[in-house]
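Asks: Dropping the structure in here first, questions after.
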Amino acid sequence: MSSFITASLFFLLSCVEIRGDVVYNADKISMPRFRFERWKDSQFQDVASQIAYDESTWETLSYNSIEALAFMDLETTDNIDDSLNVTFDKPTMILIGMGFTEVTWDCWINHYGGYYWSDLEEYKIAPYYEALGWTLDTWNSESDFPASSDKNWIELTVEERQAAANLCYIEQTWNQESFSTGWLNSSEAYLASVEPWLRVDESDNGPTKCPEVPAGGCSVCGEGECVGSPDGIFIFPGQPSVPCGLFENAGHFGVIPLDQCQFLSRIPQIEVCDCGSSIPGAPTAVPSMAPSQTFMPTDSILYNAEEISIPRFRFQRWNDTTKEMQDFATELAYTEYYWERMSTNFIEEVAFGDLDSNKLIRKPWKNRVKSEKPNQVLAQMGFTEDVWDCWINHYGGYEWDDLIKYQIAPYYEVLGWNRDAWNSFVSSDYPESNLKGWASLTPEEQQAATDLCFLERTWNEVPYSAGWLESSDYLATTEPWILYGSTKPEKIISTKLGLLHWLIIIAVAVTVVWIASVFAVVWCCRRRRMNRLAQNDNNNKVPTKNISHPEIETDSRTVDQDSSSKESSLKVETIDEDEYDC
């Protein structure tokens, strides 16, 4: 009975996303529409050809055998058949440049076919395949497949269609119809629709509840209220001006004493922050039905000199991210409020390498981070050390010596920073650029900020709710190093610390040479001494004669003794002379 109820619930839940003839996947993974274009209309022909696509393999999904591999298995070409003409050694970089994420590739292109059955179970994908008749044995078999694998879409049951949709199949891709049949341009129901999770919901445009104040913190607006205008500038006599959003965060996390918080909520200057019992809603942009207008870089867009690509999965509205991404983010104390306002989650002020534990996360925020190894969660989300440190942390978690070592300091120096300002906790010591809006920066400062992975909106700390993600020129392009390959010269680390390193190397080398010289002199002296001794032995030997006259034997012994005495004296003098010479 319980198994029947479970099966019934699974069926009801899986059918929730069926609207008319369209079946949507239960995991709310949006279709990568740029992949569903004719080859001749695609802007990605040049980059796609580097990973073995041509017109025929592009226009029929699964014809390029690279699509049989999961996203993470494409970090190198080791798993790719040698017969494929793949000319780029990191295919995932091409895919990211095109707009794929691990989630969209693995579902819409690979359909999780590159996973082991244990992976399917771990990520709760196995039930979808089980609804299609698959088991561990058939998954590992090379020929024993379930009956559903030979059915056309129309022959599948309602349950099987929903299971296939949950694996990101639509009717035409399940039937392996080529784009050339014209179905892309027809009124195909899925492509003509907006996925339910992207549709505008009028209820979402209303005010949202104020975020919860962490234990030990306070609200600068007063109890039960929060900042409604995070971009407003709070100014108090004798104190540096500060954006209201950052001012609010300072109260939340105990930077402002509790008694001062109560005072601040009553002063007239706080009015600029538009305090209230809820956060005003913002209109949600309707997602475009058409592919992005351009993915080519333009001269007006600034790109960072380090050629570190933007992590596009982090630049999405909270409600547009996958459930899995939200779960990961929640482990790191993100909520919708903190996700959509960059730099408000204090985990972002810590460098990736320092997040191997939560020791450096400031209190009381540390208590809200569930993971004991936050950087492992970041890696699961798709971050690398370079990407996190540049695009999220902006190297703010580095010591000044580290900035010098990795040649990042020059970017901050252009913005007016130096060692003293970097190490100061007094805001009046910070350079003027720290209080400038993007438009007030010089072109050189804007490029330096770009090299630190700031965009205009992230520099200005504009929340996602303002709608800038949809209008961002940067997000609408593919970075030039993805399209055309890297032009960055190989970086040679040459630092101030390097001088000390060279001095140590020279000192060690001199010491080794000195020790070797001492051994050489000692060896030379010993050698010369032995040679001289041998020479003296040969030169001073007295030949022995047979003396037949006994009467002169005594004299002969006397002569021998005298000779031996002279010889011994000569040897002593020779040894002393050798040792003196050495």
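Asks: Given the peptides 355-364, 402-411, arrange them by the average over their residues of other C-beta atoms within 10 Å, most packed first.
Replies: 402-411, 355-364
Asks: Probe radius 1.4 Å, ligands and nucleic acids ignored: give me the carbon and sulfur share of the accessible area of the stretch 318-359 as a rounded percent.
Replies: In the stretch 318-359, the share of accessible area belonging to carbon and sulfur is 48 percent.
Asks: At a Förster radius of 45 Å, what calculated FRET efficiency corresponds to the Cβ-Cβ distance of E75 and R527, to the nearest 0.05? Intermediate values should be presented prior to the final figure.
Replies: Values: r = 61 Å, r/R0 = 1.36.
Efficiency computed from Cβ-Cβ geometry: 0.15.
Asks: A further question follows. Heavy atoms of the protein only, probe of 1.4 Å, neighbouring chains included. What is the accessible area of H252 in Å², nearest 10?
Replies: Roughly 0 Å² of H252 is accessible to a 1.4 Å probe.
Asks: Step through the table entries K323/K370; K370/K436; K363/K405; K405/K436, compare each Cα-Cα distance with 25 Å, and write down the pairs that go over it.
Replies: Long pairs (Cα-Cα over 25 Å): K370/K436; K363/K405; K405/K436.
Asks: If you don't mind, another one. Would you mind classifying the stretch 46-111 by shape? Square roots of the alpha carbon gyration tensor eigenvalues, ordered a ≥ b ≥ c; an a/c under 1.5 is rounded, otherwise it is prolate if a/b is larger than b/c and oblate if not.
Replies: Since a/c stays below 1.5, the shape of the stretch 46-111 is classed as rounded.
Asks: Quick one: accessible area per residue over the stretch 329-432, 1.4 Å probe, rounded to a whole number of Å²?
Replies: I get 47 Å² per residue for this part.
Asks: If R₀ is 22 angstrom, what is the calculated FRET efficiency for the pair I504 and R419, using the beta carbon separation as r and rounding to 0.05?
Replies: The calculated FRET efficiency here is 0.45.
Asks: Would you mind computing Rg(Cα) / (2.2 N^0.38 Å) for the stretch 50-159, counting N as its residues?
Replies: Numbers: Rg = 15.2 Å, N = 110, 2.2 N^0.38 = 13.1 Å.
My calculation over the Cα atoms of the stretch 50-159 gives 1.15.
Asks: Of all the accessible heavy-atom surface of the stretch 110-198, with the other protein chains kept in place and a 1.4 Å probe, what percent is carbon and sulfur?
Replies: Numbers: 2060 of 4530 Å².
Looking at the stretch 110-198 in its full context, I get 46 percent from C and S.
The values are calculated or read from the model by the stated rules, or taken from the named source; none is laboratory data. Computed from a predicted model, the values in this text were never measured in an experiment. Using ideal geometry, Cβ is built from the backbone for each residue, glycine included, and neighbour counts are taken over all protein chains shown. What goes into the accessible areas is simple: the full protein's heavy atoms, side chains included, and nothing from ligands, DNA or RNA. Shrake-Rupley method; radii C 1.70, N 1.55, O 1.52, S 1.80 Å.
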